[in-house]
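For reference, the structure is listed below as structure tokens.
The values are calculated or read from the model by the stated rules, or taken from the named source; none is laboratory data. This structure is a prediction, so every number in the text was calculated from the model and none was measured. With ideal geometry, Cβ positions are generated from the backbone for all residues, glycine too; neighbour counts draw on all protein chains shown.
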Amino acid sequence: MFKNEEMEINLGPQHPSTHGVLRVKLRLDGETITHCRPVIGYLHRGVEKICENQTFFQGQVWTDRMDYCSAVANNLGWAEANEKLFGITVPRRAQYIRTMLNEFNRLASHLIWLATHALDIGAMTVFLYAFREREDILDMNEAFCGSRLTTTAFRIGGLREDLPPGFEKMVTKFLAKFPACIEEYENLLSENRIWKKRTIGVAKLSAEDAIAMGVTGPVLRAAGVPYDIRKAFPYAAYAEMDFEIPTRTEADTYARYLVRMAEMRQSARIIQQCMDGMPEGPVMAKLPKILKAEVNEVYHATEAPKGEIGYYLVGEKGSGNPYRFHVRAPGFINLQSLPKMAEGGLIADIVAAIGTLDIVLGEIDR
Amino acid sequence: MPTPTLTQSIVITLIQCLLVVIFVFVVVPLTVFAERKVLGHLQQRLGSTRVASGHVGITGWMNRGMWKWGRIPVLSYWRGIPGLVADVLKLILKEDILPAKADKFVFFIAPALSMVAAVVVFAAVSFVPGVFFTFPAWFPFVGGLPVSGGIADINVGLLWILGVASVGVYGIVLAGWASNSKYPLLGGLRSAAQMVSYEVPLAMSLLAPVVLSASLNFGEMSARMATGLPFWGLVPQILGFLIYLTCGFAETNRLPFDMPEAENELVAGFHTEYSGMKFGFFYLAEYINMTVVAALASGFFLGGPWLLPFGLQGLVNPYIPAALSWFAEPHAIFFVVKIIFILFTYIWVRGTIPRYRYDQVMSVAWKYLIPMALFNLLLAAVVRCFAV
């Protein structure tokens with residue numbers, strides 16, 4: 001009369017904690033997950049193919065719309081990949097401004113991660129606090145380039161414009177209050193018994209598994225691998241910056257939380273250094289009206305907030321468009337590890353796992 | 001004092017019921033509003049602490065007053081009321097959707113069950129010990145008759161309260177089952193397990209006051225708890241209060257134990273498929289249950305309609321000067337203040353801590369709360385044996 005059946009359930013694509021339109025097929029035994037497969041593609045727009053049909057200048061607009069929480073980091077990778085392709089040297093002041101904005105963007109992205117991750121685990125207050133600080137960063141984006149989310153912040157060869165007047169004041173004001181804000185979040189979470197119970201030992205991913213699957217970013221660093229492209233292959237002005245790469249060895253959700261919190265502190269440090277050492281000079285290199293590729297192909301990787309974002313560009317001699325364009329999106333590759341993290345756990349753990357991976361579906365589906 | 005006839009007592013009871021329903025329907029919207037406001041301030045939300053309508057209607061009038069005397073906090077406290085009004089209107093006006101494959105009768109009956117179970121508990125809660133008020137002589141039919149502070153002054157009040165309150169879980173389980181959908185089913189199953197587990201320590205923590213006061217009658221117990229205890233009676237009461245409050249959070253499905261409706265895991269849990277006023281009934285039931293838990297806590301542990309909690313009143317009464325003797329007597333207002341304080345605690349906790357995982361919720365109940373409640377009961381028995 002009684003039989004034990006597994007239940008199949010769809011987590012998403014419409015679900016409060018799948019961060020967009022991720023769909024996860026789950027098989028449940030009671031509340032334990034026995035089988036987990038992410039299904040993606042609900043937000044596919046064909047960004048790469050579209051970029052192949054547009055000029056090098058136009059392509060950047062599409063990179064905004066991949067990981068819309070860290071548009072500036074995407075812009076930076078695109079601009080630098082093109083500069084590599086065309087052999088353009090960017091003025092030093094532009095490099096510094098790029099670095100600074102990139103770190104602001106890392107803060108904004110990590111704040112969104114913190115907000116949504118905490119909300120998924122039930123800590124509602126952190127959500128609103130984190131968004132409060134993110135608002136200031138978006139205001140700075142707006143002051144710099146006119147838009148808040150999809151920034152299109154940089155140009156190939158430098159910047160369209162220098163920093164606006166009053167920008168330094170905004171930065172100083174932000175940096176003055178930000179450490180206290182991080183402490184506020186940590187007061188609510190770090191030593192909270194329930195937070196620790198929900199995150200310690202949850203969604204583990206060992207360093208071997210992470211490397212085998214190509215997982216990068218804070219998820220990898222929380223497994224004890226100090227791989228950060230800002231240090232490993234410095235770009236922009238990172239070679240001149242003094243900062244640390246926070247790592248943990250526990251490889252669980254709590255470790256990733258601590259790594260990201262420490263990264264936020266380091267980002268604030270880098271921003272301070274950029275402000276202090278900001279060189280004078282032009283912000284744009286001399287460029288021809290139309291860029292025509294000379295080199296055949298480039299791969300340029302930068303450290304986006306979510307991991308290694310790589311741009312693979314193939315130029316055709318004499319053509320104004322890329323012949324082939326491919327993005328190595330960190331979210332896409334990190335998402336592979338979801339079954340590994342979630343299988344064997346409970347439903348509540350997969351929510352924590354999705355949160356800790358910090359995915360943005362715009363980037364995964366492209 | 002004249003003795004009422006049977007018809008007269010029925011009329012008086014009906015009037016009391018009406019008063020309780022009015023109380024409930026006043027307290028619930030106020031609690032919802034307070035939740036919006038308190039959370040708004042805790043979380044620095046921009047909506048619920050500022051929104052006020054333009055220049056029309058009563059809120060518009062209040063709004064203009066607010067801006068005029070903007071620095072008076074009592075006035076500015078009404079900011080955010082349009083949000084509440086919109087919320088209520090939305091609940092009432094929303095389309096009532098019935099899923100095609102739902103069990104129609106059970107789907108319909110479940111919210112009502114939740115709601116009724118929540119309200120009926122108030123039958124055994126006495127708001128004021130003794131007589132609440134006496135009808136004036138000119139009042140038709142029941143003139144000159146006293147109205148007692150509780151509807152049913154039954155001598156097994158605690159049993160009634162616990163029994164009826166646990167019927168409420170049927171509403172949730174049936175809602176989860178009748179929706180014929182997977183997330184509500186999971187929510188319903190969770191709530192069955194959770195509520196059954198937490199009923200045990202809840203009842204045991206309430207047994208400590210029973211042991212100490214040797215009564216199951218709500219009014220009598222509050223009276224004895226407030227004044228008739230030795231100093232050593234404090235310990236089992238304070239410990240019992242903490243256990244009770246924790247279980248109360250779980251019984252009302254509030255954070256950190258809101259498993260059945262864990263939004264981020266189960267979408268909306270057992271009421272995922274509900275909309276409109278059927279959902280509104282679950283919503284109401286949750287807030288009424290919160291009020292019940294708060295009322296019981298203030299009755300059993302916080303000295304009921306007396307001033308001081310944990311039986312301190314009996315200890316300090318001899319030292320209260322004659323001029324302040326008002327404070328030594330029961331007043332309904334103290335009862336309400338205590339209820340409000342506990343409701344505030346609910347909101348406070350919600351704004352502060354995350355949610356437990358389902359298995360952790362269970363382990364909290366069985367591994368910690370039940371042993372603690374047993375120990376507390378033992379303590380109460382020892383105090384009863386040697387100190388009273």
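Before moving on, here are some points about what is shown:
- Qualifying residue in the range B:25-40 (condition: at pLDDT 70 or above, surrounded by 15 or more Cβ atoms within 10 Å (Cβ to Cβ) and closer than 30 Å to B:G143 by Cβ): yes
- Any hit, the range A:207-225, residues being surrounded by fewer than 16 Cβ atoms within 10 Å (Cβ to Cβ) and within 14 Å of another protein chain (Cβ to nearest Cβ): no
- Qualifying residue in the range B:91-105 (condition: modelled with pLDDT of 80 or more, surrounded by fewer than 18 Cβ atoms within 10 Å (Cβ to Cβ), basic (K, R) and assigned to a helix (DSSP H, G or I)): yes
- Some residue of the range A:6-23 being more than 14 Å from chain B (Cβ to nearest Cβ) and touching a strand residue (DSSP E or B) at 6+ places or on another chain (Cβ under 9 Å): no
- Some residue of the range A:249-259 being part of a loop (DSSP other than H, G, I, E, B), among the charged types (D, E, K, R) and either modelled with pLDDT of 85 or more or farther than 23 Å from A:R134 by Cα (or both): yes
- Residues being modelled with pLDDT under 90 and assigned to a helix (DSSP H, G or I) are entirely absent from the range A:104-113.
- Qualifying residue in the range A:96-111 (condition: under 25 Å from A:R193 (Cβ atoms) and within 14 Å of chain B (Cβ to nearest Cβ)): no
- When restricted to residues that are away from chain B (no Cβ under 14 Å) and either within 13 Å of A:Q273 (Cα to Cα) or surrounded by fewer than 24 Cβ atoms within 10 Å (Cβ to Cβ) (or both), the range A:112-124 contains 1.
- Residue under evaluation A:P165, criteria (1) in contact (Cβ under 8 Å) with a residue 40 or more places away in the chain; (2) not hydroxyl-bearing (S, T, Y); (3) not in a helix (DSSP H, G or I), criterion not met: (1)
- Hits in the range A:263-308 - residues which are on the phi > 0 side of the Ramachandran plot and either within 21 Å of the chain's Cα centre (by Cα) or among the polar types (S, T, N, Q) (or both): A:G307
- Scan the range A:201-248 for residues that are within 23 Å of A:G277 (Cα to Cα), touching a residue at least 60 places away in the same chain (Cβ under 8 Å) and outside any helix (DSSP H, G or I) and the total you get is 6.
- Filtering the range B:24-44 to residues that are out of contact with any Phe, Trp or Tyr (no Cβ under 9 Å at 6 or more places or on another chain) and more than 16 Å from B:F341 (Cα to Cα) leaves B:F25, B:V26, B:G40, B:H41.
- Scanning the range A:345-366 for residues that are within 20 Å of A:A222 (Cα to Cα) and within 14 Å of chain B (Cβ to nearest Cβ) yields A:G345, A:D349, A:I350, A:V351, A:A352, A:A353, A:I354, A:G355, A:T356.
- Restricting attention to the range B:163-201 and to residues that are assigned to a helix (DSSP H, G or I) and of a type in the set (S, T, N, Q), the residue that is farthest from the other protein chains (Cβ to nearest Cβ) turns out to be B:S166.
Conditions tested, residue by residue: (1) more than 23 Å from the chain's Cα centre (by Cα); (2) in contact (Cβ under 8 Å) with a residue 40 or more places away in the chain; (3) over 24 Å from B:R254 (Cβ atoms); (4) away from chain B (no Cβ under 12 Å).
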site: A:V126; (1), (2), (3), (4): no, yes, no, no
site: A:M140; (1), (2), (3), (4): no, no, yes, yes
site: A:T151; (1), (2), (3), (4): no, yes, yes, yes
site: A:F154; (1), (2), (3), (4): no, yes, yes, yes
site: A:M170; (1), (2), (3), (4): yes, no, yes, yes
site: A:L188; (1), (2), (3), (4): yes, yes, no, no
site: A:K196; (1), (2), (3), (4): yes, yes, no, no
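- Residue that is nearest to the other protein chains (Cβ to nearest Cβ), among those in the range B:329-388 that are more than 23 Å from B:I238 (Cβ to Cβ) and among the polar types (S, T, N, Q): B:Q360
- Single match in A:A329, A:A342 (criterion: within 14 Å of chain B (Cβ to nearest Cβ), of a type outside the set (V, I, T) and buried (at least 21 other Cβ atoms within 10 Å of the Cβ)): A:A342
- For the range B:247-282, filtered to residues that are among the small types (G, A, S) and within 14 Å of another protein chain (Cβ to nearest Cβ), the residue that is surrounded by the fewest Cβ atoms within 10 Å (Cβ to Cβ) is B:A268.
- Single match in B:V120, B:V200, B:V164, B:V116 (criterion: within 30 Å of B:D359 (Cβ to Cβ), surrounded by fewer than 23 Cβ atoms within 10 Å (Cβ to Cβ) and without any contact (Cβ under 8 Å) to a residue 60 or more places away in the chain): B:V164
- Every condition in (1) within 14 Å of chain B (Cβ to nearest Cβ); (2) not in a helix (DSSP H, G or I) is met by A:C181 except one, and the failing one is (2).
- Test: B:A285 is within 14 Å of another protein chain (Cβ to nearest Cβ), modelled with pLDDT of 85 or more and part of a helix (DSSP H, G or I): no
- Verdict on A:D252 being surrounded by fewer than 23 Cβ atoms within 10 Å (Cβ to Cβ), more than 22 Å from A:A115 (Cα to Cα) and in contact (Cβ under 8 Å) with a residue 12 or more places away in the chain: no
- For the range B:330-388, taking the residues that are without any contact (Cβ under 8 Å) to a residue 24 or more places away in the chain and in contact with a helix residue (DSSP H, G or I) (Cβ under 6 Å, 6 or more places away or on another chain), the one that is farthest from B:A203 (Cα to Cα) is identified as B:R357.
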